[in-house]
């Protein structure tokens with residue numbers, strides 16, 4: 001017979017039993033959940049111990065001060081006995097500069113890339129940690145300390161030293177008052193960085209940037225009269241005309257009136273991590289906006305735009321990067337007029353950017369497709385036009401979903417910068433390491449330079465990966 | 001219902017649809033739709049699934065494109081002209097079955113986004129308006145949470161507030177309670193009833209027949225892409241004319 005039941009009081013929540021929480025549970029569930037898992041745990045532990053046991057003496061006997069590989073070996077033998085092995089890091093002392101700046105970059109000008117590198121972080125901070133006063137202050141303070149130390153070591157001229165430190169301190173002060181305004185420095189940074197790295201007249205980058213000012217001015221003046229899209233087109237044409245006809249004479253005139261310049265350093269003098277970072281950072285900066293446009297273009301209702309984007313993406317993705325670099329270096333020359341002096345590094349930069357943009361476009365397309373249709377419809381129903389809907393509703397969500405994919409592409413791009421060795425640029429992994437191994441003093445060295453270069457790459461790539469994790473956690477608003 | 005009688009319907013035409021046809025590929029989804037909606041009318045559209053009722057109201061703000069006939073909303077004809085479409089959309093609010101709140105924005109930001117970017121209202125003013133409407137739907141204390149932290153009923157009320165922040169002259173509801181738990185349906189319906197009492201022009205696709213009887217001044221029954229019967233609620237429920245309507249009513253009211 002069915003019996004009626006009525007609960008008179010609700011049960012309170014109780015803590016779980018001890019075996020269901022804490023380290024013990026974690027160990028049992030993750031390492032020893034069954035005989036297979038336990039065996040694998042034991043085997044993996046043994047393997048790690050074996051590797052550590054065998055490689056430890058080599059690292060332990062590291063030699064940091066020696067004039068040549070032979071001297072290194074003698075020191076190891078003297079200290080650890082006959083037959084002992086030890087790492088020889090002493091090559092870093094004579095070759096450090098070459099690894100960082102390339103062996104051809106003028107030694108007296110090395111403070112310039114150092115300054116540009118420090119300021120890079122000052123410029124990135126407002127983008128990476130928008131409006132977070134505490135993080136911005138920490139980063140800018142670290143940049144200031146870094147610059148004081150490194151500019152001193154690179155024996156920068158006192159004027160540049162003073163200006164740089166004053167500049168960073170000014171940014172630090174600005175971060176306390178109006179952290180949002182720091183983005184203006186970020187916008188100005190590419191021109192400043194170009195001038196620091198390549199040098200020449202200061203008016204060249206300033207007048208070139210003024211072209212964007214022309215674009216904006218024409219756009220603002222024309223948009224009430226002829227509408228947004230035509231005004232943007234007119235602004236673009238005006239800017240191109242500025243760059244083609246006005247730019248050079250104005251820059252020359254200003255230079256002769258107020259001469260401020262740095263020693264010009266051609267692109268082929270760049271090398272080492274300077275080269276990798278220039279290519280990597282430029283590629284990352286420009287491939288993201290281009291990739292977004294390509295992804296949107298591929299989703300477009302306009303058949304011609306869509307077709308162009310598909311052709312671009314599939315062509316670039318379908319060809320190995322090395323082939324593209326080869327085309328950039330050698331084949332393009334046949335098609336350009338003989339007097340066109342199109343910088344090799346610039347060509348490489350453009351192709352690396354295109355390459356990353358094509359991959360990013362596909363990563364983003366996945367995210368765009370994953371967004372529910374309702375998001376597009378809700379944005380439409382509120383009266384947002386296409387670009388606003390994309391910028392305010394669709395892209396923030398799509399970019400968030402694809403952070404892991406985007407960062408993977410960036411990391412890939414940064415590591416692929418080592419491929420420029422194929423077009424005779426001295427990147428660190430093969431270019432500079434090769435020079436070390438040809439050096440009569442260090443002939444026979446094998447592992448150490450590669451480990452060194454690998455470690456530096458790891459630091460950069462791992463930082464990017466950690467930042468992406470931080471960003472994912474910060475943007476998590478769906479509370480699943 | 002006493003309140004229903006009080007609500008005024010003006011002679012002004014809010015929506016005029018004449019001879020409208022729509023196809024999805026070969027499928028003729030809407031067939032010769034003719035209807036006029038006066039300002040202040042509350043219309044409930046019902047019908048079996050696949051009858052084209054959602055498609056019909058989605059045509060009114062051009063989330064769906066019609067191929068033949070004419071739709072005039074607030075004096076603006078819907079054509080391929082994007083300017084007209086955006087104009088109509090900013091005057092017509094829409095509430096969806098699945099709420100479609102923007103998950104990356106807080107409740108307050110959801111409500112102020114369109115006023116700021118479409119109507120160019122200053123941020124402060126937009127936030128005041130948003131708080132006004134959030135108070136009206138009875139969840140001002142949730143303003144700084146994200147949609148994912150709210151229950152379904154709360155989310156739907158936010159969605160209604162978000163639409164109202166644009167100060168629309170017409171509201172479209174596309175099965176606003178179909179995705180909600182029974183306990184939450186009432187809170188959303190209460191909000192809609194309140195809105196109706198204030199004289200909002202409303203088109204509502206719903207199966208909530210209680211709501212229809214309480215506030216609608218006209219019920220439209222659709223089947224196979226056409227309007228089969230329309231009448232004032234009392235007549236519609238007590239004295240349906242068409243056999244198809246009788247069958248439908250017997251099925252949804254039968255238990």
Exercise. Taking residue A:459, is it in a helix (DSSP H, G or I), free of Cβ contacts under 8 Å to residues at least 24 places away in the same chain and away from every other protein chain (no Cβ under 14 Å)?
Worked result: yes
For this session: Test residue A:358 against the criterion of being modelled with pLDDT of 90 or more, crowded, with 19+ Cβ neighbours inside 10 Å and under 26 Å from residue B:89 (Cα atoms), and give yes or no.
Result: no
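At least 3 residues that are surrounded by fewer than 16 Cβ atoms within 10 Å (Cβ to Cβ) in each: list the helices (runs of 4 or more DSSP H) lying fully within the stretch B:173-255 that qualify.
Answer list for the stretch B:173-255: B:182-197, B:233-238, B:243-253.
Taking the conditions exactly as written (part of a loop (DSSP other than H, G, I, E, B), under 30 Å from residue B:146 (Cβ atoms), within 14 Å of chain B (Cβ to nearest Cβ) and over 14 Å from the mean Cα position of the chain (by Cα)), does residue A:476 satisfy them or not?
Values: part of a loop (DSSP other than H, G, I, E, B): yes; under 30 Å from residue B:146 (Cβ atoms): yes; within 14 Å of chain B (Cβ to nearest Cβ): yes; over 14 Å from the mean Cα position of the chain (by Cα): yes.
Answer is yes for this residue.
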Problem set entry | Filtered residues of the stretch B:80-96 (kept if within 26 Å of residue B:153 (Cα to Cα) and either in a loop (DSSP other than H, G, I, E, B) or more than 7 Å from chain A (Cβ to nearest Cβ) (or both)) | B:91, B:92, B:93, B:95, B:96
For this session: Filter the stretch B:160-172 down to residues that are assigned to a helix (DSSP H, G or I), facing another protein chain (nearest Cβ under 10 Å) and closer than 18 Å to residue B:74 by Cα, then give me how many there are.
Result: 1
Problem set entry | Matching residues, the stretch B:23-52, being in contact with a helix residue (DSSP H, G or I) (Cβ under 7 Å, 6 or more places away or on another chain) and farther than 30 Å from residue B:199 by Cβ | B:29, B:48
Exercise. Of all residues in the stretch B:104-123, which are crowded, with 17+ Cβ neighbours inside 10 Å, within 20 Å of residue A:380 (Cβ to Cβ) and facing chain A (nearest Cβ under 10 Å)?
Worked result: B:104, B:105, B:109, B:110, B:113, B:114, B:115, B:116, B:117, B:118
Problem set entry | Checklist (1) in contact with a strand residue (DSSP E or B) (Cβ under 8 Å, 6 or more places away or on another chain); (2) within 14 Å of another protein chain (Cβ to nearest Cβ); (3) not in a helix (DSSP H, G or I) applied to residue B:99, failing item | (1)
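So if I check each of A:156, A:164, A:175, which one is under 18 Å from residue A:274 (Cβ atoms), surrounded by 14 or more Cβ atoms within 10 Å (Cβ to Cβ), modelled with pLDDT under 90 and outside the structural domain of residue A:274 (by TED's automatic domain parsing)?
A:156
The rows are residues; the columns are (1) assigned to a helix (DSSP H, G or I); (2) surrounded by 18 or more Cβ atoms within 10 Å (Cβ to Cβ); (3) under 28 Å from the mean Cα position of the chain (by Cα).
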site	(1), (2), (3)
A:205	yes, yes, yes
A:212	yes, no, yes
A:222	yes, yes, no
A:229	yes, no, no
Exercise. Looking at the stretch A:388-402, which of its residues are more than 9 Å from chain B (Cβ to nearest Cβ), in contact (Cβ under 8 Å) with a residue 24 or more places away in the chain and either part of a helix (DSSP H, G or I) or more than 22 Å from the chain's Cα centre (by Cα) (or both)?
Worked result: A:390, A:394, A:395, A:398, A:399, A:401
Problem set entry | The one condition in (1) under 30 Å from residue A:261 (Cα atoms); (2) surrounded by 12 or more Cβ atoms within 10 Å (Cβ to Cβ) that residue A:92 fails to fulfil | (1)
Exercise. What residue, of A:385, A:380, is farther than 27 Å from residue A:317 by Cβ, surrounded by fewer than 19 Cβ atoms within 10 Å (Cβ to Cβ) and either over 31 Å from the mean Cα position of the chain (by Cα) or within 9 Å of chain B (Cβ to nearest Cβ) (or both)?
Worked result: A:385
Problem set entry | Hey, residue B:126 more than 10 Å from every other protein chain (Cβ to nearest Cβ), assigned to a helix (DSSP H, G or I) and in contact (Cβ under 8 Å) with a residue 60 or more places away in the chain or not | no
Exercise. So, of the residues in the stretch A:416-440 that are assigned to a loop (DSSP other than H, G, I, E, B) and crowded, with 17+ Cβ neighbours inside 10 Å, which turns out to be farthest from the chain's Cα centre (by Cα)?
Worked result: A:425
Exercise. Among the residues of the stretch B:60-72, is there at least one that is out of contact with any helix residue (DSSP H, G or I) (no Cβ under 6 Å at 6 or more places or on another chain), within 13 Å of chain A (Cβ to nearest Cβ), at pLDDT 90 or above and outside any loop (DSSP other than H, G, I, E, B)?
Worked result: yes
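The values are calculated or read from the model by the stated rules, or taken from the named source; none is laboratory data. Just so we're clear, the structure is a prediction, and the values are computed from it rather than from any experiment. Glycine also receives a Cβ, built like all others from the backbone with ideal geometry; neighbour counts cover every protein chain displayed.
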